[in-house]
Every structure is written in C-alpha cells, then in structure tokens.
Amino acid sequence: MALYPNLIIDALRQVRYPGSGKNLVEAGMVEDDMRIDGTKVTFSLIFEKPNDPFIKSVVKAAEAAVIAFAGEPVDIKGNISVKSKQAPRPEPDKLLPQVKNIIAISSGKGGVGKSTVSANLAVALASMGYKVGLLDADVFGPSMPKMFGIEDARPYLESVDGRDLIIPAESYGVKLLSVGFFVDPKNATVWRGSMAGNALKQLIADAHWGDLDYFLIDLPPGTSDIHLTIVQTVALTGAVVVSTPQEVALADARKGIDMFRNEKVNVPVLGLVENMAWFTPAELPQNKYYLFGKEGTKRLAEELNVPLLAQIPLVQSICEGGDNGAPVALDENSVTGIAFRELAHELVRQTEIRNETLPKTERVDVKKGQH
C-alpha cells in the first residue's frame, strides 16, 4: 500500500488525546507540515503546554496507529515532532531576569520564628521603597497567607509573552505566592518530596513576578531536598539563617549554615538573625528578660565569621500581628518595627558588599536597581 497524507490522517483519527477525549485530528493537534519520502513519514503534533503529561504516550500511540494503518514497513519512530502553543519555560539560568536579588530565609529547626522574620523583613523592605516579592516555600506549613491577612486570595492565570503565568497576590506592597493559596488549610499537605519540589518550581518559574529588587524565599525548617530544589532552580544571591539564642536551636542553625557553605551548594550566608533575643513586656519597655539564653546567636556569628544582621526582641505584638494579618513591621515606631527596619537596612548593606565581590558584569546596584 502506498503511503499518502490522508492515510496518515485516518490513522491519527484513531488516537485520542486523554485530556479531552477527542481524536488528534478533531482536537486540532496535527500540524500542517506532513512530509512523506518513500517509507519515511514526518509531521508535528501540537500540545497546549510544553510540559503536557500525555506527550510521550500520545506520540507512541500515534506511531503505532500509523504503522498499523500502513500495512507495510514505515519509518516513523522518532520522526514525530512536538510543538507547543505556549512558550516553553525558560532555562534555570534565565529564570527571573527582572529580579535583582534572591534571598533564601532559612532556619535549622522549626519554632524559631523564621516565617515571622521573613514576613516582617519583606514589609520593612517594601516600606523603604524596594520592590519586593515573597515566596512561601514552606510547603507543609504555609503561613504567609494568614500573616498577610489574605487567606481568601486566589491567584489567577494571565497570558504573558505567550505563557500562562500565575499572578501573585499583593499585600502591604509585597507580591506573595504560597502553596497555602491552593490547598485546603484544614487538611494536611501529604506530598512526596518530588511533588513539593515541582510545586515550588511552578510558583517560581510559572509566575509573573515582574521587576523586583528583592525576592525572598521562606524555606522550610531544616535541611531537605526542597532546599536543594531551590538552589538548583534559581541563582541565590545569598541566605539568611534565623535562630533563637537557645543552644538546641544554635546546634541546628550551625547545620543550616554548613549546608549553604557546602561546596555542592555554595550559597553565601549573608548573616544570622537572632530572633526572640529577649522578652520585653509592653508595660516595661526598658526591661530585657533573656528567656532563651543571652546572645547565643551573636556568639555563633562571631565563631563562624558571619555577620549578625539583627537581634529581634520577643513581644506580644509580634504574635498578635501574625495572627491578625498585620505584620508588626508596619508600625515603624514600635520596638519591633525599628528592629525589623534595622534588619532590612543591614540586609541591603550585606547584599551590596556581596555584589561588590562579584565580577563587574554580574554586579547589581541594589540602591538604583540597575546592573
């Protein structure tokens, strides 16, 4: 039997696309570029997205259908091209081209206030006039939607440069995305590491973050494959490690610092933040009670030759602000507001110092936001 285009089209009518149930011809997935040269057949299939999960199975089914209909040897395997209606995701080294500085906020263990520090640092930077984005990468315990008072926000898709991108929510001048926007807050997120990693990649690479001076990533506590996923997905400017002065927390903070300094990760540690450095009652603002030990994080910073970016006191308003969706950094005249603003200033300074060590072609002017 001689090969001709209509025979190939009839064969492709027998193959259904699982996503819609329509055959490939009916679904408009067969490109008008078919070529037949003797027994060699080439053509293209068009999918909506470059990462369509059915690409491999559909291509194999199309090859089998053509071979079955031809009734004679046909050279088709490996000759079906795949195209996408949507522009492909940029390569890792080309992700977030409009973002000037990407900072990971980490902690060796949970319960040290890492997310509280991340939220208030973002707000403080925004109040200083910087364009700020915040990714809640704590997949299994997302808290940013509540801290920013936008639990009911539902980010939507918008076509940008040929790609359907997620538009981040905005609150207090900060662009924000979190897995918490897409899961039921009443249910536990039971995902394997690969699922969590893929979700974070999507929130980074398939979101329209736009022009940012600082993109903060609130990492999960500890050292896990999610941390490695982030390191492999984006080029981090540096990391900030949060700890309390307590010895148990400091032991884990040391491991977190070691992870970033590991030659396989090689991310600069911009500094440490000592959270819950002391307790100050509202009625006695001059008093300091060292509930978790005194200046333990400061000593660790000196030992490891890492800058101490700030010491954040423990006051009731921090807890209330997080629960009420109003970060305490909004009140620039409060004790905590001043502390977080000083943290923001010091982070900017350390980022400038770090950028000055880079080759001139890679430097970023964080003040002007220009290369």
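Read the figures in this text as sums done on the coordinates, not as results from a lab. Bear in mind the structure is a predicted one, so any value in this text is a computation, not a measurement. When we count neighbours, we look across all protein chains shown, and the Cβ atoms used for this are built from the backbone with ideal geometry, even at glycine.
Considering only the chain, what is the antiparallel percent among its DSSP beta bridges, to the nearest 5? That works out to approximately 30 percent antiparallel. Across the stretch 176-316, the mean sequence separation of Cα contacts (distance under 8 Å, 6 or more residues apart), normalised by length, yields a relative contact order of 20 percent. Close amide H pairs (under 5 Å, H built 1.01 Å from N) link residue 47 with 83, 84, 85, residues at least 5 positions away or on another chain. Peptide packing: for 221-230, 239-248, 46-55, 122-131, the average count of neighbouring Cβ atoms within 10 Å per residue gives the ranking 239-248, 122-131, 221-230, 46-55, highest mean first.
Computed over the chain, the quotient of the alpha carbon radius of gyration and 2.2 N^0.38 Å is 1.25.
For the pair residue 304 and residue 170, the difference between a 0.36 nm per residue extended length and the Cα-Cα distance amounts to 44.5 nm. Its relative contact order, with pairs defined as Cα atoms under 8 Å and 6+ residues apart, puts the chain at 16 percent. Spatial offset of the stretch 127-175 relative to the stretch 52-82 amounts to 42 Å, using the alpha carbon center of each. Label zone of residue 42 (point 7 Å out along Cα→Cβ, amide N under 19 Å): in the stretch 1-29 this covers 3-6, 8-9.
Residue ranges 4-11, 345-352, 212-219 sort as 212-219, 345-352, 4-11 when ordered by packing (mean number of other C-beta atoms within 10 Å per residue, highest first).
Kindly put 204, 80 in sequence by how many other C-beta atoms sit within 10 Å of each C-beta, fewest to most. All intermediate terms of the calculation are to be shown ahead of the outcome.
On the way: 204 24, 80 17.
Fewest-to-most ranking of 204, 80: 80, 204.
For the chain, a Gaussian network of Cα nodes joined below 10 Å ranks 264, 109, 294 by mean-square fluctuation, and the top entry is 264.
For a 31 Å ceiling on Cα separation, which of these pairs sit above it: 131/288; 255/288; 100/255; 49/77; 201/298?
Values: 131/288 34 Å; 255/288 29 Å; 100/255 28 Å; 49/77 22 Å; 201/298 34 Å.
Result: 131/288; 201/298 exceed 31 Å.
Extension gain, residue 10 to residue 352, is 116.8 nm, computed as 0.36 nm per intervening residue step minus the present C-alpha separation.
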